[in-house]
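Note sheet for the following structure.
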Amino acid sequence: MNDTATLMNGGTVQMPPQASTIAPQVDALYYFIFWGCAAFFALIVVLSVFFVIKYRRREGVVQEPRAYHNTPLELTWTIVPTILVMIVFVWGFKGYMVASVSPANALEYNVVGKRWLWEIKDPNGASSLNEMTVPVNRPVKLILRSEDLIHSFFVPAFRIKQDVIPNRYNTLWFEATAVGDYDIFCTEYCGTGHSQMLGKVHVLDAEGWQKYLDATGGRPEDVPLEDWGRQLYTQKACVTCHSLDGSAKTGPTFKGLFGHTVTLADGSTVTADEEYIHDSIVNPKGQVVSGFEPVMPTFTGLLSPDDIDALVAFIKQQQ
Ligand code: CUA
């Protein structure tokens, strides 16, 4: 999101727009610390300049240190910062507790981080990649885990961020307060595709949410397989690692793939036919192409048989 858009949506130079119940609390504490620091910075600079001038070296004046100790002054600069730090601690701890404990009536979403996409499972069982759809003004709880290494789930407009760790469930919650689309970032460096590990939270009003729940999610009858495959290519994040223009990304390009001979990591060769592409989607680590890392996650359970047919048809088209 560029600066103009951020400002237009109610953000400031420092902060993205506030779109969750917790965002105003986070910002209030942030600005307390920011302006507190700014005030002390100004005070210290002004006093430093003042004393440098007042006690500068002058002809004929022998300067000797006189004040070795000043109890009231030392008490002041110990007690005042202690009080300020305690205010920040208590305020921050209360906010942390609010952010950590989700309301009992929250909708539960499972979020799985893997190189390099977010798999998001809705409460109703639907699942999507890099797209999260939630209702406005309803608490949403996220149950986060990683399938490979440490990622971090961050939605700046909601002011929520949580590490996503293998072999461990972390939770996070938010209640969106404004309809709109908000960025999801991975904020833990996780390899080549880290900067592409992006997503969107779609916050819908009550009517839109009902429509979303009613939607089947499968291929509409009037959409040809290839076109559905093209949509899945973006929706399911194939685009992150597989180009259509012949350039190698994290994975092999789809251009000219179908029907051609592929050399695998173990030196053997296969023809990229329907079966090979199907197997590469459901069991990607089975037939790794020579020169590429075995990093693709399986898409079993994320794509229906019709979806896989659609992707095969789409890849076939990329000659
Ligand atoms: Cu996942 Cu960075």
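The values are calculated or read from the model by the stated rules, or taken from the named source; none is laboratory data. As the structure is a computational prediction, the values presented were derived from the model and not from experiment. Virtual Cβ from ideal backbone geometry, glycine too; neighbours counted across all protein chains shown. Protein only, heavy atoms only, side chains kept; ligands, DNA and RNA dropped before computing areas. Shrake-Rupley method; radii C 1.70, N 1.55, O 1.52, S 1.80 Å.
Reported to the nearest whole Å, the Cα centre-to-centre distance from region 114-137 to region 224-295 is 24. Pairs over the 23 Å Cα-Cα cut-off, from the set 114/141; 114/236; 114/255; 200/255; 114/316; 161/200: 114/255; 200/255; 114/316. What FRET efficiency do you get for residue 205 and residue 101 if R0 is 22 Å and r is their Cβ-Cβ distance, rounded to the nearest 0.05? E between residue 205 and residue 101, to the nearest 0.05, is 0.25. Quarter the surface of the alpha carbon convex hull of region 22-89 and you get the mean projected area, 6.0 square nanometres.
The label point for residue 57 and the one for residue 43, both projected 7 Å from the Cα toward the Cβ, are 3.2 nm apart.
For the chain, what is the calculated [θ] at 222 nm in deg cm²/dmol (nearest 500), taking -39500 (n - 2.57) for each run of four or more DSSP H residues and dividing by its residue count? Please list the in-between numbers first.
Numbers: 7 runs with 110 residues, N = 319.
Computed mean residue ellipticity for the chain: -11500 deg cm²/dmol.
Each label was represented as a point 7 Å from its Cα along the Cα-to-Cβ direction; for residue 214 and residue 90 these points are 5.2 nm apart. For a quick check: with amide H placed at 1.01 Å from N, whose amide H comes under 5 Å from residue 171's, ignoring anything fewer than 5 positions away on the same chain? Excluding prolines and chain starts, which carry no amide H, the hits are 144. Each label point was placed 7 Å from the Cα along the Cα-to-Cβ direction; for residue 148 and residue 194 their separation is 1.3 nm. Think of region 225-317 as a dipole: +1 on every Lys or Arg Cβ, -1 on every Asp or Glu Cβ, centred on the Cα centre; then among 239, 308, 264, 239 lies furthest on the positive end.
Across all C-alpha atoms in region 107-214, the radius of gyration and Dmax reach 13.1, 40 Å. Long hydrophobic helices in the chain, taken as whole DSSP H segments with a C-alpha length of 24 Å or more on their own axis and mean Kyte-Doolittle hydropathy at least 0.0: 23-54, 71-100.
Diffusion of region 225-317 by Stokes-Einstein, at 25 °C in a medium of 0.890 mPa s and with Rh set to the Kirkwood radius over alpha-carbon pairs, works out to 186 µm²/s.
Calculated FRET efficiency, residue 50 to residue 181, Cβ-Cβ distance, R0 = 35 Å: about 0.10 to the nearest 0.05. When the Cα convex hull of the chain is projected onto planes of every orientation, the mean area is 25.8 nm².
With protein chains left intact and a 1.4 Å probe, residues in the chain average 59 Å² of accessible area per residue.
Protein heavy-atom surface of the chain, 1.4 angstrom probe: 60% of the accessible area is carbon and sulfur, with nucleic acids and ligands not counted. For region 288-296, backbone phi angles converted through the Karplus equation (6.51, -1.76, 1.60; θ = phi - 60°) give residue-by-residue couplings of 7, 6, 3, x, 10, 7, x, 10, 6 Hz, Gly and Pro being listed as x. Taking the inverse of the mean reciprocal distance over all distinct Cα pairs, the Kirkwood hydrodynamic radius of region 29-181 comes to 20.2 Å. By DSSP, the beta bridges lying fully in the chain are antiparallel in about 70 percent of cases. With contacts taken as Cα pairs under 8 Å at a separation of at least 6 residues, the chain carries a relative contact order of 14 percent.
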